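K.L.:
After the structure tokens below, expect a handful of questions from me.
The values are calculated or read from the model by the stated rules, or taken from the named source; none is laboratory data. All of these numbers come straight from a predicted model, not from anything done at the bench. As a convention, Cβ positions derive from the backbone with ideal geometry for all residues, glycine included, and neighbour counts pool all protein chains shown.
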Amino acid sequence: MLLLEKFNEGLHEMRELFHGTGRLEDSNSKLDEITKLLCLEIVSAQDDNTKVPSLSEILNQNTKDSLVESLNNALLVAANSKLLTNYDGDSLLGQNPKFNLSTSEGALAQGLVKIVIDSFNGYLRKNRDKATFDFLNEAFGHFIRENFRQNIEDAQYMTPHEAVCFMVNIGYQRVLERNFSRDYQPVICDPSCGVGSFLAQFYRKWAIDNKRTPPLLIGQDKVDRMARLSILNLALFGINDSKIFRGNSLIPQSPLDDYNEGCDLILTNPPFGARFDCFSLSGHSSTFFPFLNKYITQKGDFVDSEMLFLDRYLSLLKPGGTVLAVLPDSVISSLGLPNILRENIHRNWQVRSITELPAVTFAQAGTRTKTCILEIRKAEPSLTNFVYMGYAKSLGFEVSSKKGVPYKKLEGNNDLVRIEDAFLISDENKFKKTFNILASDPSVVAIPYTTLINEGWTPSHYSADRLSTIEEIRNLSESQEFTLMTLDEISSVVTKTRRGIPKTENSKCISVLHVGDFGSLNVREFLEYKPKTSGRFCTTGDILFSKINPRIPRCIVVPDLPHNLTCSTEFEVLQPKAGFSSHEIMLLLLSENAQKQIQSLTSGTSSSHNRIKTKELLAIKFAIPKIGTQARKEYERSVERFTEAHKNLNYANLKLFENWEDINRLFQSK
């Protein structure tokens, strides 16, 4: 640990030195200067053909007045090293690289050079054993995150180490499963490699765990800085035969084209959210975008970058190869083009696993966008296959803020460790034909391939809680006392028939936030609420169920109120079918069995924007006691008491508010 502490201490000292001198306020500029120093030392240590003096030699041979000039001269030589040369012959340091320091800033240069010597030489020039091999990727990644923090567009460069290790471990196992000969060199690729975290971690795993031929690491990034950092990261591990290119992986004729159908494993976290117009993509061949090419050439619309990358990965894989990619939830759950892409994938290739990540995953980058890890094998699917669904609620850390700066603090367990174990050690020969709960906390379930096709790709929809609850309900329904029924069978959705009504003096609107525990109406806020729009018409006896953030149960039977009532459009408006009552349905929706299903069926871009779709809500299952049974008598007694209590609760709330108003008027009149 001494080496790791020294490394982190050195990085901290560099930041403080920049801060103390007031130089280079921009984080990227600081990062560039430190990268140049590290590049000098790496070329000196690992490239014997390029005669670059070590930083110690440069420091000892110069005064502070001549130091900056000597560093610039050494940098010009280092730029010609094969370690820093791009595929097109250009140096990743640029044509005429130099430090962004004036000759009068020799004292600052001395300080930076000494820190690099003290912090890095213990790793670069000695102590190269396996015991210290794995510290550097996390330390280096921590440094990068410190520079990119709160930049949402840079979230791709901030894949947490916990997620990187999970993906690498599974990918490593998939490569071994193919039983290559010992002298076969597997090709491991990251088409948007950022700082090279996936490639470096895979190399570490490979070097420690087996004696086979080392893999060929291929990386590409369109940003010069990222390509430099990736080479630097790998070089710090002593990996000098990787191929890191500067280029756009979504544009033909980049170096990555040489590896079409040439990659055994792709590990990646692509950029999210960028949009490409189809006209600019129309020159791409069907081999470049195998599934989206038809849409691109015919529709003339836009395509999100994450879908283009996913399609591109499949064209880069060898037959039998595997991709593990971090993707936004929209790729997994949205309709439209994402759904078209999903259908093409599960018809042609094998979806092996999907792991839902918690919203905190990229919080250090300033976003809590929901994401998942998708694993696809480029092989013909079989309806007898199973798909593993993991649902991670924690990665073993939370992100808090101190003085406006987000920082990572250890908290809870890393669910990905147990999910990985369940994925890799389960015996499919022992699986049932329906679903198989491999772990409950965190949830890990293996589902038949046909279920994936028919019911969707969202892992939380297959949570162990929901599936075990459904199994319990089915077991009850097989008895003589209960019948299995869905919400669709006991209620009608009338939401779309309810239009807004003109505002009047007597109009009042029920908001989602007005509904508390067990359908308690916050009368004060309800009466004071003045919405910008009138909302949907509702009336006494309607069941209002909040579709947004259903992890907080908000359901109410509209009380008898002396107002023209409307409700928020976030409510689903239901009415009971014959033989059922409004309060009965409300009580069923609030039951634990229903809530476990509802909370597993949500989807959305972030934890605060989860919703349940109407179709999924109506599919919620209940075990309803049969008429004439003892269970039915107890059921009816509970419904009757709940109905009375709910009506009394909201009547009491209304009377409490009226008396509160009376006493206020009394005091104001005196």
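K.L.:
Does F642 count as part of a helix (DSSP H, G or I) and surrounded by 14 or more Cβ atoms within 10 Å (Cβ to Cβ)?
P.N.:
yes
K.L.:
Now, a different point. Which numbered condition in (1) of a type outside the set (V, I, T); (2) closer than 28 Å to A392 by Cβ; (3) not in a helix (DSSP H, G or I) is the only one that G500 fails?
P.N.:
(2)
K.L.:
Got at least one residue in the range 579-599 being under 18 Å from T497 (Cβ atoms) and not aliphatic (A, V, I, L, M)?
P.N.:
Within the range 579-599 (the criterion being under 18 Å from T497 (Cβ atoms) and not aliphatic (A, V, I, L, M)), the answer is yes, since at least one residue qualifies.
K.L.:
Identify, by number, the condition in (1) in contact (Cβ under 8 Å) with a residue 60 or more places away in the chain; (2) of a type outside the set (A, V, I, L, M, F, W, C); (3) closer than 29 Å to T451 by Cα; (4) crowded, with 16+ Cβ neighbours inside 10 Å that T367 doesn't meet.
P.N.:
(3)
K.L.:
Here's another thing I want to ask about it. Would you confirm whether any residue within the range 387-403 is surrounded by 21 or more Cβ atoms within 10 Å (Cβ to Cβ), on the phi < 0 side of the Ramachandran plot, assigned by TED's automatic domain parsing to the domain that holds R178 and assigned to a helix (DSSP H, G or I)?
P.N.:
no
K.L.:
Would you be able to say whether some residue in the range 358-368 is assigned to a strand (DSSP E or B) and in the same structural domain as R174 (by TED's automatic domain parsing)?
P.N.:
No; the residues of the range 358-368 include none that is assigned to a strand (DSSP E or B) and in the same structural domain as R174 (by TED's automatic domain parsing).
K.L.:
Which of the residues that make up the range 56-91 are closer than 18 Å to E33 by Cβ and not in a helix (DSSP H, G or I)?
P.N.:
Listed by number, the residues that qualify are N62, A79, S91.
K.L.:
Within the range 55-75, take every residue that is of a type in the set (S, T, Y) and touching a residue at least 24 places away in the same chain (Cβ under 8 Å) and give me the one that is nearest to K114 (Cα to Cα).
P.N.:
The extreme case among them is S56.
K.L.:
Could you run through the range 557-580 and say how many residues are crowded, with 17+ Cβ neighbours inside 10 Å and under 18 Å from E640 (Cα atoms)?
P.N.:
Residues flagged as crowded, with 17+ Cβ neighbours inside 10 Å and under 18 Å from E640 (Cα atoms) within the range 557-580 amount to 5.
K.L.:
Return yes or no: is P406 farther than 22 Å from I425 by Cβ and not in a strand (DSSP E or B)?
P.N.:
Considered against the rule, which asks whether it is farther than 22 Å from I425 by Cβ and not in a strand (DSSP E or B), P406 comes out as no.
K.L.:
Okay, moving on. I'd like the full set of residues that are under 23 Å from V387 (Cα atoms), in contact with a helix residue (DSSP H, G or I) (Cβ under 7 Å, 6 or more places away or on another chain) and either aliphatic (A, V, I, L, M) or in a helix (DSSP H, G or I) (or both), limited to the range 287-310.
P.N.:
Of everything in the range 287-310, those that are under 23 Å from V387 (Cα atoms), in contact with a helix residue (DSSP H, G or I) (Cβ under 7 Å, 6 or more places away or on another chain) and either aliphatic (A, V, I, L, M) or in a helix (DSSP H, G or I) (or both) turn out to be E306, M307, L310.
K.L.:
Here's something else I'd like to know. Just one of G500, G456 is in the same structural domain as H346 (by TED's automatic domain parsing), out of contact with any Cys (no Cβ under 8 Å at 6 or more places or on another chain) and surrounded by fewer than 21 Cβ atoms within 10 Å (Cβ to Cβ); which is it?
P.N.:
Residue meeting the stated conditions: G456.
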